[in-house]
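Since the structure comes first, as structure tokens, the remarks are kept for the end.
The values are calculated or read from the model by the stated rules, or taken from the named source; none is laboratory data. Only a predicted model underlies this, so the values are computations on that prediction, with no experimental measurement involved. Because the Cβ atoms are built from the backbone with ideal geometry, glycine has one as well, and the counts that use them run over all protein chains shown. For accessibility, only protein heavy atoms count, side chains too; no ligands or nucleic acids. Shrake-Rupley method; radii C 1.70, N 1.55, O 1.52, S 1.80 Å.
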Amino acid sequence: MSNIIDGKAVSAQVKQRIKEETAKLKEQGIDIGLAVVIVGDDPASKVYVRNKKKACEEVGFNSYEYALPAETTEQELLDLVNKLNADDKVNGILVQLPLPKHLDDKVIINNILPEKDVDAFHPVNVGKIMIGDYNFLPCTPAGVMELIASTGTEIQGKECVVIGRSNIVGKPMAMLLLHKSGTVTICHSKTKNLKEVASRADILVAAVGKPKIITADYIKEGAVVIDVGMDRDENGKLCGDVDFENCKDKAGFITPVPGGVGPMTIAMLMQNTLTAAKVKNGLMDNTVEQEVDTKERTVFNKLFLHT
Ligand code: NAP
């Protein structure tokens, strides 16, 4: 019987930590603000934005929501981004993706100031993650790292397999595991023998977007299995990339969907916003030194616990 990783509980701990720190900053006259921009009426995006707003309230941030119509032009959106870049009350800017088809995600993201890019999607922040010299960790992979840490599993020297190579999940995920000295393999739709590769993993992260494609024969006995997928099964019910019922007895630790990675993503967004406010107010260096060789959770200690 595996241990089920409770993403809600871990995210509540992270948010509590942020709340306490935010209250202390408030005493020093520092208010923290997150601007969330949504364009159009995508129902899933609306839910994400609502949850982000709720999380801001929980930790004591000001949230500024900008809901723009689907026909918003690129220039109008850029004007808003520039306005938020210049707004001292705004520490973090998040433009909810996907944008309507006529808007180019890249153009918009590239115009967010890197120091306010709390999603860590700007090329400057992506590059910093690559060289291990970062402030912001991309929210979902950062959340996964917290979940792995919560199991007490040491990453160093472990076989880590990431399935999926997207810019927002798979690639940064692999990089964070590599920074922690895991031996990392990245799989994708062209990978041959996925089952064989995946079942070598001590730590398996699935970020594919295909309901329940990972069954027990893809996992090693006792592995840590993290399911990033947010999919719908044949009945329209929310599920992950991992067939939870089929895998739960074989895995050592496993995340459920919902209640695993999802809540962590928002908690990490709050963490990045706090970090942005601290950097702006000179309470934190604007880079985080990478220490890959120590056993302790150095990067996360610095970023999340004591910064
Ligand atoms: P994506 O951009 O569509 O990337 C999916 C990746 O999976 C691609 O690299 C693709 O390979 C690979 N892939 C597709 N079919 C495969 C197969 N049969 N075998 C092996 N690899 C395969 O998706 P994403 O944005 O990374 O998101 C992945 C999942 O995570 C989705 O379900 C999404 O909803 C979820 N998600 C959850 C959160 C959260 O907070 N919980 C956050 C973000 C995303 P190619 O590159 O070769 O096409």
Name the residues in segment 80-107 that are closer than 27 Å to Asn281 by Cβ and either assigned to a loop (DSSP other than H, G, I, E, B) or open to solvent by 40 Å² or more (accessible area, probe 1.4 Å) (or both), would you? Asn82, Lys83, Ala86, Asp87, Asp88, Lys89, Val90, Asn91, Gln96
Give me the residue from segment 58-79 that is part of a loop (DSSP other than H, G, I, E, B) and not polar (S, T, N, Q) and, out of that set, least open to solvent (accessible area, probe 1.4 Å). Phe61
Condition test on Val124, is it under 30 Å from Asn85 (Cβ atoms) and touching a helix residue (DSSP H, G or I) at 6+ places or on another chain (Cβ under 6 Å)? yes
Taking interchain pairs and intrachain pairs at least six residues apart, which have beta carbon atoms under 7 angstrom, with the first residue in segment 247-276 and in a strand (DSSP E or B) and the second of a type in the set (D, E, K, R) and surrounded by fewer than 24 Cβ atoms within 10 Å (Cβ to Cβ)? Ile254/Lys248
For segment 147-175, how many residues meet the condition of being in a strand (DSSP E or B) and open to solvent by 30 Å² or more (accessible area, probe 1.4 Å)? 1
When (1) more than 8 Å from the ligand (Cβ to nearest atom); (2) assigned to a loop (DSSP other than H, G, I, E, B) are applied to Gly209, the one that fails is (1)
State all residues of segment 108-139 that are more than 18 Å from Gln96 (Cα to Cα), touching a Leu at 6+ places or on another chain (Cβ under 9 Å) and not in a loop (DSSP other than H, G, I, E, B); if no residue qualifies, say none. Ile129
